[in-house]
Structure formats: structure tokens, C-alpha cells
Amino acid sequence: MKRYALILCLPALLTWEPALATTAMGIGTRDCTAFLRAREIGSEQAIDSYVAWGLGYLTGRNAAMRGRRPVLVDGGGLAHWLSAWCKQNPAAPVFDGLETFARESGG
């Protein structure tokens, strides 16, 4: 009986991927309304802070996820994508948008 249980569980074990536990800190933990407000008032310093944090986060994620396709984006592309995502998810933290971006980019 144990043999059959193992055979039934084998596909799950072979496709299981450990979750990347992440504790985010810094400006990326603020909600999207703060990022959108910075865009609205044209605060280059605030926008640059979000973009720099996001690029740093994605760089770290790429390093942690070796063996997978890296997420590649420039600052302008990230700011544009994040603006659109944040408009759809204003209460979500910016960090969630970066995770979504990374998953959608195949990383």
C-alpha cells in the first residue's frame, strides 16, 4: 500500500517548487497610491526611488532564482509597466506589482 501512495505522490514531488520566502523592506512596501501620486505630481526623486528599489529587488530575485530565465527590464520600462499595474491595483503594495511583473516575464 505504501508503494502505491508513493507512486501517486511522485508527480507532485517531481513538479514541486519551493516558494521563495521574501520579506520586503523599504519604499517597495508602500501601496500603489503613493507611487501613482509621485507620478501624478512629477516627483522625479520619488519615482527614481521606486524604480531603483524595484530594479534592485528584481536583481536580487534573479540571483536567488538561478537556473531560471532572468527578468530583464530597464528603469523606464519598469516605471511604465508598474504605473499601469498600480492603476488596476491601487491598494496593493508596489512589491506585489514587481512579483507579478517577474512572473509574467517568465522569471
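The values are calculated or read from the model by the stated rules, or taken from the named source; none is laboratory data. Worth saying up front: this structure is predicted, and the values here are computed from it rather than measured. Neighbour counts are summed over all protein chains in view; Cβ atoms, including those assigned to glycine, are modelled from backbone coordinates with ideal geometry.
Go through the residues of the stretch 74-87 one by one and say whether even a single one is assigned to a loop (DSSP other than H, G, I, E, B) and over 11 Å from the mean Cα position of the chain (by Cα).
Start the filter on the stretch 74-87 by keeping residues that are assigned to a loop (DSSP other than H, G, I, E, B), which leaves 74.
Narrowing the set further to residues that are over 11 Å from the mean Cα position of the chain (by Cα) leaves 74.
Scanning the stretch 74-87, I find at least one residue that is assigned to a loop (DSSP other than H, G, I, E, B) and over 11 Å from the mean Cα position of the chain (by Cα), so the answer is yes.
Any residue in the stretch 48-65 that is β-branched (V, I, T), at pLDDT 95 or above and touching a Pro at 6+ places or on another chain (Cβ under 6 Å)?
Checked the stretch 48-65: no residue is β-branched (V, I, T), at pLDDT 95 or above and touching a Pro at 6+ places or on another chain (Cβ under 6 Å).
Six or more apart or on different chains, Cβ under 9 Å: which pairs go from a residue in the stretch 92-103 that's within 14 Å of V71 (Cα to Cα) to one that's of a type in the set (K, R) and at pLDDT below 95? Could you list them?
Matching pairs, first to second residue: L98/R61; E99/R61; A102/R61.
Within the stretch 39-55, can you find the residues that are in a helix (DSSP H, G or I) and either over 16 Å from F95 (Cα atoms) or touching a Lys or Arg at 6+ places or on another chain (Cβ under 9 Å) (or both)?
R39, E40, I41, E44, Q45, A46, I47, Y50
Consider R30 carefully, then state whether it is basic (K, R), within 23 Å of the chain's Cα centre (by Cα), more than 11 Å from V94 (Cα to Cα) and modelled with pLDDT of 50 or more.
In short, no.
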